[in-house]
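Below is one structure, written out as structure tokens; the observations come after it.
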Amino acid sequence: MRLSEWILAVYFSYVTALSLILPISTGLRIRTIVVNGSLFGLYAVLLNSPRFLKTAAAPHLRNWTPLALMLLAYKEMGWLAPSVHPHRFESSWIVWDRVLLREWQLRDVIESTGVVFPSVLELSYLLVYGLPAFSMGMLYLYRKSRYAEVLLVIYLLGLFLSYAQFPYWPSEPPWAVFPGEDAPTVNSAIRRFNQWILGRYGIHTSVFPSAHVSGAVAAAFAFKRVLPERAGVYRAVFVYSILVAIATVYGRYHYAVDTAAGLLVGVVAVVLGNVLLRWYGFSAAESPTSIVANL
């Protein structure tokens with residue numbers, strides 16, 4: 001198995017275990033067990049099929065399938081949401097937002113550009129959903145698909161280390177708990193679309209840490225490792241991750257502490273990912289053939 005597939009196995013096993021422990025409905029518990037059991041069964045069949053592993057499509061399917069499973073991982077964490085939120089954390093977290101947005105006038109600074117910068121921030125937040133596919137696509141564009149495992153390991157850790165904490169920090173976003181407070185005054189079409197997506201597809205387990213931020217930060221560092229000769233690309237992704245971090249607070253999608261925690265989780269994911277890759281036989285300086293031999 002690839003290292004990225006071990007990470008997927010650990011995460012979905014963890015979610016399955018949580019579904020047996022947390023007070024969720026029997027229906028959701030059964031759904032989690034059936035979905036994850038089917039997922040494990042499908043992977044077991046494919047990875048033990050010499051015919052599949054020898055096909056030309058197999059490496060590419062193994063590169064792209066985890067991107068779809070990122071969505072499943074997010075959705076399943078939503079199944080673990082508490083039936084009622086106690087709001088134990090939000091009243092203390094909002095204090096820092098008031099300092100940033102009011103005392104330090106972050107919202108006024110952002111909106112001093114009119115509709116431009118607020119729209120850029122909202123667009124940055126929206127594009128996070130396409131960042132996994134963009135990242136993998138760039139590797140293929142630059143003929144670096146052999147390094148897909150590096151990207152997957154770091155990116156998956158960036159997301160899953162945030163998702164895994166959600167049940168321990170039950171919370172809802174500022175726009176839901178403190179409606180209208182310090183909300184953006186620029187109500188662009190992009191912002192309305194973001195709100196529609198969150199209202200229709202958002203989960204209600206937790207907002208801490210921000211997986212939007214941790215995933216974007218992890219992606220930026222992963223790009224720097226797999227595309228070191230493309231400085232313009234990885235620098236642009238670093239700038240993008242900063243825009244996402246600002247957007248989460250300005251748009252009232254997250255508290256500032258969520259964003260700060262997301263930045264930290266992203267860095268931790270990079271460090272842990274590099275350690276695991278090295279342990280698994282993939283050093284930064286060597287050809288990827290050594291790790292491919294173990295796949």
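All of the numbers you see were taken from the coordinates with simple rules; none came from a lab. Worth saying up front: this structure is predicted, and the values here are computed from it rather than measured. Cβ placement follows ideal geometry from the backbone for every residue including glycine, while neighbour counts extend to all protein chains displayed.
Taking label positions 7 Å along the Cα-Cβ direction at both Ser49 and Arg230, the computed distance is 3.1 nm, reported to one decimal. By the helix-only formula, in which each DSSP H run with n ≥ 4 contributes -39500 (n - 2.57) and the sum is divided by residues, the chain has a 222 nm mean residue ellipticity of -22000 deg cm²/dmol. Here are a few candidate values for semi-axes √(5λ) of the Cα gyration tensor in Å: (i) 36, 21, 17; (ii) 26, 23, 20; (iii) 33, 25, 15. Which one was actually calculated from the structure I just gave you? Computing semi-axes √(5λ) of the Cα gyration tensor in Å and matching it to (i) 36, 21, 17; (ii) 26, 23, 20; (iii) 33, 25, 15 gives (iii).
If you take the Cα centroid of region 12-64 and the Cα centroid of region 113-165, the two points sit 23 Å apart.
Between the helical axis of 189-201 and the longest alpha-carbon principal axis of the chain there is an angle of about 60 degrees.
Between helix 116-127 and the chain there is an angle of about 40 degrees, using the helix long axis and the longest principal axis of the Cα atoms. Counting only residues at least eight positions apart within a chain, or on another chain, the lysines with an alpha carbon under 22 Å from that of Lys144 are Lys54, Lys224.
FRET efficiency for the pair Gln105 and Ala189, taken as 1/(1 + (r/R0)^6) with r the Cβ-Cβ distance and R0 = 25 Å, rounds to 0.45.
Compared with the alpha-carbon gap, the fully stretched path from Ala17 to Val267 is longer by 87.3 nm at 0.36 nm per residue.
The length gained on full extension between Phe238 and Thr65, counted as 0.36 nm times the residue separation minus their Cα-Cα distance, comes to 59.8 nm.
Computed extension length for Ala57-Arg278: 76.9 nm, one decimal, from 0.36 nm per residue of separation with the Cα-Cα distance subtracted.
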